[in-house]
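Take a look at the structure below.
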Amino acid sequence: MKNIFITILLLALSFGVLAEENAHLQHAKINPTDSESLQRGAKHFVTYCLGCHSIKHIRYQRMSLDFGIDDKKVLSDIAPQGATIYQQMNTAMNAHDSEKWFGIQPPDLSLAARSRSADWIYSYLKSFYADPKKPLGTNNLIFKDVGMPNVFWQLQGEQKATFKTVDGKQEIESLAVNVPGALSEQEFDAMVNDLVNFLVYVGEPIKLERERMGKYVLFFLSMFLLLAYLLKKEYWKDVH
């Protein structure tokens, strides 16, 4: 009984923490069938993220097949210069340099959307704000004291945090763009959404094919169940 009570208490606490973490999350519009969005997201990843992060579980050829575009288009519009169609999305940064500059090796993002959720990544990428106390000059509302710089600062601009006092502690009330970037707020939101859409795709590239196949599997199981029921009736019709 005591163990059951402790388990329930731990679950309640964990749900409370998750609710608090999700309080600031914004909603990402994910559409794995939008090939144009996935292509733009892949290009954004190569341009702004591949310098530090890898997606080593996918190759450019797989994107060509899933996006329904030619290999040459992938190499010219998405892949970095010099990449081959069979190459994995590996960063050029080595572990020694990354640990020297950031204190830790940036993680591979193949499963980032599955481990964190699309809404978390979308909110995180939009929630950097200026913090002169930090070595990189920025902080993040979703991931406090993060070691990653705001790679989108030129596009988004510089955000400033407005604080409020709650129970004697300083908490962030809101974020607002203080210095405008190259993109409007709507354009930046769309860009980040495309990037998150791509990260959701790479977390499970076979998802659409699996869902299509699932319909046929369910149909087969339904027909098998019907045949099994009719066979059972035939075997047992003379047993009373």
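The values are calculated or read from the model by the stated rules, or taken from the named source; none is laboratory data. Please read these numbers as outputs of a predicted model, since none were measured by experiment. Please note: Cβ atoms are built from the backbone with ideal geometry, for glycine as well, and neighbour counts cover all protein chains shown.
Annotations
- Flag if Ala161 is crowded, with 16+ Cβ neighbours inside 10 Å, among the small types (Gly, Ala, Ser) and over 22 Å from the mean Cα position of the chain (by Cα): yes
- Qualifying position, being at pLDDT 95 or above, on the phi < 0 side of the Ramachandran plot and not hydroxyl-bearing (Ser, Thr, Tyr), among Phe224, Phe220, Phe188: Phe188
- From the options Asp119, Asp108, Asp97, Asp66, residue that is in contact with a Leu (Cβ under 6 Å, 6 or more places away or on another chain) and among the acidic types (Asp, Glu): Asp119
- Residues (out of contact with any helix residue (DSSP H, G or I) (no Cβ under 9 Å at 6 or more places or on another chain), farther than 15 Å from His44 by Cα and polar (S, T, N, Q)) located in the stretch 70-85: none
- Looking at Leu195, Leu231, Leu199, just one residue is over 29 Å from the mean Cα position of the chain (by Cα) and of a type outside the set (D, E, K, R), and that residue is Leu231.
- Verdict on Asn94 being within 30 Å of Val179 (Cα to Cα), without any contact (Cβ under 8 Å) to a residue 24 or more places away in the chain and either surrounded by 14 or more Cβ atoms within 10 Å (Cβ to Cβ) or not β-branched (Val, Ile, Thr) (or both): no
- Failed item in (1) over 24 Å from Ile55 (Cα atoms); (2) β-branched (Val, Ile, Thr); (3) modelled with pLDDT of 90 or more, with Val166 passing the rest: (3)
- Set side by side, the residues Val177, Val200, Val196, Val192 differ, and just one is assigned by TED's automatic domain parsing to the domain that holds Gln61 and outside any helix (DSSP H, G or I), which is Val177.
- Cβ-Cβ under 8 Å pairs, at least 6 apart or on other chains, the stretch 161-185 side closer than 18 Å to Lys133 by Cα, far side surrounded by 10 or more Cβ atoms within 10 Å (Cβ to Cβ) and among the aromatic types (Phe, Trp, Tyr): Ala161/Tyr129; Gln170/Phe163; Glu171/Phe163; Ile172/Tyr129; Ile172/Phe163; Leu175/Tyr129
- Residue in the stretch 140-147 that is surrounded by fewer than 12 Cβ atoms within 10 Å (Cβ to Cβ), hydrophobic (A, V, I, L, M, F, W, C) and without any contact (Cβ under 8 Å) to a residue 40 or more places away in the chain present: no
- Identity of the residue in the stretch 125-150, within 15 Å of Val179 (Cα to Cα) and hydrophobic (A, V, I, L, M, F, W, C), that ends up farthest from the chain's Cα centre (by Cα): Ala130
- Restricting Glu36, Glu20 to those that are of a type in the set (D, E, K, R) and either crowded, with 18+ Cβ neighbours inside 10 Å or modelled with pLDDT of 95 or more (or both) reduces the list to Glu36.
- The C-beta contact set for the stretch 211-240 (first residue surrounded by 10 or more Cβ atoms within 10 Å (Cβ to Cβ), second residue basic (Lys, Arg) and at pLDDT below 80, distance under 6 angstrom, 6+ apart or interchain) is empty.
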